[in-house]
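The values are calculated or read from the model by the stated rules, or taken from the named source; none is laboratory data. Model, not experiment: these values are computed from the prediction. Neighbour counts run over all protein chains shown; Cβ positions are idealised from the backbone, glycine included. When the accessible area is computed, the model is the full protein with side chains, heavy atoms only, and any ligands, DNA or RNA have been set aside. Shrake-Rupley method; radii C 1.70, N 1.55, O 1.52, S 1.80 Å.
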Amino acid sequence: MTSPYRSLKAFISKPHITVKILMLMLLLVVPLNIISILSSLEFFKYYASQVETGLKNITDVYMNTLDYHTERADLYLYEMLNNSQECTILERQDSQSYEYENAKYQCYNILAGQMEQEEVISGYFLIPKRTGDCIMTLDGSLVNVPEIREYITNIEKCDNRWHVVQMGDRSTLMRTASEKNFYYGALINLSDQQKGIEELGNYSSQNVCFSEGMPQAEKGRIRAYSKSRRMNLVLSLDVSRSECYKGISFWNRLLIAVTFIFVLAVPVIYLYMKKLIVRPLNRLNEGFCQIEAGNRHYTVTDTADTLEFQDAYDSFNRMVGSMESLRLDNIEKELEKKKLELDNLKLQIRPHFLLNTFNLMYYLLRSPGGTGEVRKLILYLSDYFRYLFRSDRDTELFDKELTLIEGYVEVAKIRYPNGLEIAYEIDPEVRLIRVPPLLIHNFVENVVKHALSVGKCVHILLAAHYENGLVQFEISDDGNGMSGEQVKKINEHLWEEKETEHMGIRNAIRRIEYLYGPAAKVRVSSEPGEGTTFTIAFPYELEVEEE
């Protein structure tokens, strides 16, 4: 039983944090109030920074929109000039010919049709240098502005760049370019863009400005701007700082001014609170970060200034020990479970496959000259079981499985003479890749089982490619194909747990997902009567491995 003296000593040496907080409140109640006021003032500064961030987001969005649409307009006009038959006619035919007038009319219709799809571009124009005819289409906001045609036909201003141009009472963004035997360009009504930006804001004092240079900042205003990545264009948006602070009352401002002298107490409070609360919390946080980073044996060895944090340190250390013990137990159980699952998959030797093989042996032994074929079959079975049970590895080099597949095809040709042809498209790198034993072999065997029939020759393509850390196998045949319901069932894993249909495919999916993670996929595409293609893909870091 703990004596009262020892309890009192512990209380004095390490008092509860609630007692220290109470003492702090009694001694520094007024400074804490001042800190609250200063925090409010910082809030308003923070609010102003949020306003600036909001303005910046608006300008970024609009500038990115302008960049996107101007770039698309430039590409569209360039493609039209170089690939349009009408532009070729305008370039070569006489201006009085029927072909010229028809091409001119078609060009106008093409530009007008493009304008109907535009959201930002306000107009397109095209001028053959040889004739000087201006083919132009404008939206309703610029159709009644006569200065546009005068500016466009002034060839001296053609410098292939976008410029901010004042057209009457409207500000426009315009580009006049020269390509081949044409002048061409596009327009954007910036006045409409300014109205759209102003509608997003909540401030009556906001100003929106498009310019080709950086406008000068005004005092007392919060400003944000964005520069175009492809044009000499700057979009700036600013609001009055006083409007942002309009919600602060006169008395709050007076209180802040009167209590400003108490700010000097803030460092003292900060240092004390840091030692009392912040430092122990940081110590615990560091411990959790160490655990997260993989240092599973990390413990807190510091001595806390309070009983609560000392208990937290001790609890943390006990938790680390319990986690490590639990982790080791879970790892052992999981490894045992996965090993059993893989062994079960590995040992699923199909009785139907063996029965057919022995029946084929019996048939060949009774046939004249079948002894040689039986030897091939026995050698294949020997290689088959040696490959399956040769070691405890979960994967084997695909080059070895490819040899087994080639042997299986030769055995299948014994059973189906002239009924099977196979072609291989194998990248050299794939031969060095490790795959689960019989993974690809099973899909080739599946083709022989379901696609081959007497009197028909089935063609199989086994392709394997490796690129950018991804392996992809394709097993294609021109056999009977599969129904849409079967394809959907395989691709969407719609089978029941106890269902035996597609068991080989289900096992293949489970094996590669376990070995290569959720990025591994097995997909099938098929049409009845047209054939089937299985695609197996998974990530793989290729390394040259020595046997």
Among the listed pairs Lys195/Lys227; Lys456/Lys489; Lys413/Lys449; Lys400/Lys488; Lys413/Lys489, those beyond 24 Å (Cα-Cα):
Lys456/Lys489; Lys400/Lys488; Lys413/Lys489
With every protein chain in place, the range 418-542: carbon and sulfur % of accessible area (1.4 Å)
48
Expressed in square angstrom to the nearest 10, the accessible area of Tyr47 with a 1.4 Å probe stands at 90
Can you tell me the FRET efficiency between Asn181 and Asn57 if r is taken as the Cβ-Cβ distance and R0 is 35 Å, rounded to the nearest 0.05?
0.20
Quick check: Cα centre of the range 509-540 to Cα centre of the range 61-97, how many Å?
45
Under a crude label model (7 Å from the Cα following the beta-carbon direction), how far is Lys195 from Asn144 in nanometres?
1.2
Kirkwood Rh in Å, taken over all unlike Cα pairs in the range 372-464
14.0
With only alpha-carbon pairs counted, each pair once and no self-pairs, how large is the Kirkwood hydrodynamic radius of the range 62-215 in angstroms?
16.4
After finding the eigenvalues of the alpha carbon gyration tensor for the range 174-239, what semi-axes result from the square roots of 5 times each, listed largest first in whole Å?
30, 14, 8
Starting from the 7 Å offset along Cα-to-Cβ, what nm value, one decimal, do you get for the label separation of Met214 and Thr403?
7.0
Contact order relative to length of the range 95-149, as percent, for alpha carbon pairs under 8 angstrom and 6 or more apart
29
